[in-house]
Amino acid sequence: MRRRRILSAAALGGLVPFLPGKARAQRLPALSGYRITRWQADPFARGSYSYLARGARLDQRRDLAAPVGQTLFFAGEATNSDHPSTVHGALLSGQRAAREVAGTGARRVAVVGLGAAGLGAAQALAAQGLEVTAFEARDRLGGRVWSDHALGVPVDLGAFWIHGAEGNPLTQLAQETGTRTIEAGFEPFYMFDHRGWTWDEDDVPDAYWDHMTEQSWAADLEDLSADAEEDGIGFGGPDLMLPDGYDLVFRGLQGAYETRLSSPVDEIRYDGLGVALTVGGTVSTFDAAVVTVSLGVLKADAIGFTPPLPAPKRDAIRRLGMGLMNKTVLRFERPFWDTRAGGFGYLAPEIGWFGLWLNLMPVVGAPILVGFNVGREARALETRSDDAQIAEALAVLAHMPRG
Ligand SMILES: Cc1cc2nc3c(=O)[nH]c(=O)nc-3n(C[C@H](O)[C@H](O)[C@H](O)COP(=O)(O)OP(=O)(O)OC[C@H]3O[C@@H](n4cnc5c(N)ncnc54)[C@H](O)[C@@H]3O)c2cc1C
């Protein structure tokens, strides 16, 4: 892949050679807490992030981004051709949409959704002196950036990394807001399998590296377009984590606009003169609207558009893919793994099942492991109960090399 992405083989760096040897399944210390995500079932996300699906064209991200007339504008990670599927791509798309609105003479503007794209759009529109009202379906800001504190330390249940620190607007926002960042990832990286064997880099089957591509796009290999590698260019430099919570960078996107939380938009009527938004039976009118909801929400037809969106946009919504990545976050009473490791790869009999683990100990200072599932494995797991998912995760971890 041309860019360093979340979990690509390139991002993993060199595997640490580990002497092959047999280890027994071990008893694990007790869990002191857990968090499990279900991004597919989440009605305001309907997946984790977009990918170029088989049958989709690269230029369809532009079709998704294209304004409809002078009143309806679109932003969100899936609309960004250069930086799709990322937080910074979402932010830049919101700022791009704000520039488009500026050219129309609109005075009163609605923003639908307050994730990175909506926050970027609302701040930029307000900075131009426009009267901005932002509608957010959830009772919190940030969307797919979700910094959770239930385990006693900040753990991000959506995005973890600023991908490519150099020239990245999020790096700048982190600096401006005094948000701590650290270079952290999966290195050093150790592989183990379902028999408790540890693996040397040279022996890791190709199927596992294919699975890393699936991890990057949160999609199954057979669903990815052959052009997926050309999808986006990204920024260079190291990937950064935000140990005190990703959402802290959003403090840099405040502005003089009205925010309405717990306000899901049900319908958007638009014509050449303006837009009318329906929220819980109440209609509000504006000169223009910037829609930033996820591709998954658009696919689900969760917002009714009247008149229907133009055919190229509907085709883009249908053909671009919405991937699924879920995290299983486990806090133990004490660590049992090598806490100097960045991450662990797991070779299941069916490669992909809990195929990747991140050691959060160096990041947040607490004994926490994060298991990643994507695509078919994530879909299969998501419908299971918390207890069932935890049992699966612990069965895998029982084979992890001891520290
Ligand atoms: C598990 C996971 C891991 C990820 N890892 C990374 C990573 O490490 N680095 C990275 O750069 N990116 C990562 N991403 C992707 C990144 O989080 C997204 O690309 C980005 O946050 C999307 O921002 P957005 O503003 O486009 O969409 P969203 O954040 O989804 O914002 C859209 C907003 O619209 C709201 N909304 C939905 N429906 C309605 C409605 N009807 N009315 C009003 N509001 C509505 C939603 O609640 C949401 O707040 C990850 C995502 C996930 C899920």
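The values are calculated or read from the model by the stated rules, or taken from the named source; none is laboratory data. Being a predicted model, the structure only gives us computed values, none of them experimental. Cβ sites come from the backbone with ideal geometry, for glycine too, and all protein chains shown count toward neighbours. Quick note on the areas: whole protein, heavy atoms, side chains included, nothing else; ligands and nucleic acids left out. Shrake-Rupley method; radii C 1.70, N 1.55, O 1.52, S 1.80 Å.
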For this session: Please label the shape of region 259-315 as rounded, prolate or oblate, based on the square roots a ≥ b ≥ c of the eigenvalues of the alpha-carbon gyration tensor (a/c under 1.5 means rounded; beyond that, a/b larger than b/c means prolate, else oblate).
Result: oblate
Exercise. With all protein chains present, how much of the accessible area of the chain (probe radius 1.4 Å) comes from carbon and sulfur, to the nearest whole percent?
Worked result: 50 percent
Exercise. Per residue of the chain, what 222 nm ellipticity follows from adding -39500 (n - 2.57) for every DSSP H run with n ≥ 4, rounded to the nearest 500?
Worked result: -6500 deg cm²/dmol
For this session: Using only Cα atoms, tell me the angle between helix 386-397 and the longest principal axis of the chain; keep it within 0 to 90° and round to the nearest 10.
Result: 40 degrees
Exercise. Which is the longest part of the chain that has none of the GluC sites (Glu not before Pro) sitting in a DSSP loop with at most 16 other Cβ atoms within 10 Å?
Worked result: 167-332
Exercise. Measuring with a 1.4 Å probe in the full set of protein chains, what accessible area per residue, in whole Å², belongs to region 180-335?
Worked result: 43 Å²
Exercise. Once the mean 1/r over all distinct Cα pairs of region 125-247 is inverted, what Kirkwood radius in angstroms do you read off?
Worked result: 18.1 Å
For this session: Could you tell me what percent of the DSSP beta bridges with both partners in region 84-207 are antiparallel, to the nearest 5?
Result: 40 percent
Problem set entry | Compactness relative to 2.2 N^0.38 Å, alpha carbon Rg of the chain | 1.00
Exercise. Given a cut-off of 19 Å, what percent of all Cα-Cα pairs of region 193-331 lie beyond it?
Worked result: 72 percent
For this session: State, as an integer percentage, the relative contact order of the chain based on alpha-carbon contacts under 8 Å between residues 6 or more apart.
Result: 28 percent
Exercise. Taking all pairs of different Cα atoms in region 70-123, averaging 1/r and flipping that mean, what Kirkwood radius in angstroms comes out?
Worked result: 10.8 Å
Exercise. Which trypsin sites (Lys or Arg not before Pro) from region 135-193 combine a DSSP loop assignment with at most 15 other Cβ atoms within 10 Å?
Worked result: R140, R180
Problem set entry | Principal semi-axes in Å for region 219-291 [√(5λ), Cα gyration tensor, largest first] | 34, 23, 14
Exercise. In sequence order, what are the phi-derived ³J(HN,Hα) couplings for region 205-220 according to the Karplus relation 6.51 cos²θ - 1.76 cosθ + 1.60 with θ = phi - 60°, rounded to whole Hz, with x for glycine and proline?
Worked result: x, 4, 4, 5, 5, 4, 5, 5, 5, 4, 4, 4, 9, 6, 9, 6
Seminar exercise, completed: Here the net charge surrounding T37, from other residues whose Cβ is less than 9 Å away from its Cβ (Lys, Arg +1; Asp, Glu -1), is +1
Exercise. Residues of region 23-163: accessible area per residue at 1.4 Å, in Å²?
Worked result: 36 Å²
Problem set entry | P(r), alpha carbons of region 265-403 - 10 Å bins starting at zero, rounded % | 10, 29, 20, 17, 17, 7, 0
Exercise. So what are region 22-122's ellipsoid semi-axes, whole angstrom, largest first, if each one is the square root of 5 times an eigenvalue of the alpha-carbon gyration tensor?
Worked result: 38, 18, 11
Exercise. Which of the trypsin sites (Lys or Arg not before Pro) found in region 256-362 are loop residues per DSSP with 12 or fewer other Cβ atoms within 10 Å of their Cβ?
Worked result: R340
Seminar exercise, completed: region 190-241, Kirkwood Rh and Cα Rg, ratio Rg/Rh at 1.06
For this session: Report the residue, chosen from P367, P349, P154, that carries the largest GNM mean-square fluctuation when the chain is represented by alpha-carbon nodes joined by springs under 10 Å.
Result: P349
Problem set entry | region 372-398-region 121-155 distance, computed between alpha-carbon centres (Å) | 29 Å
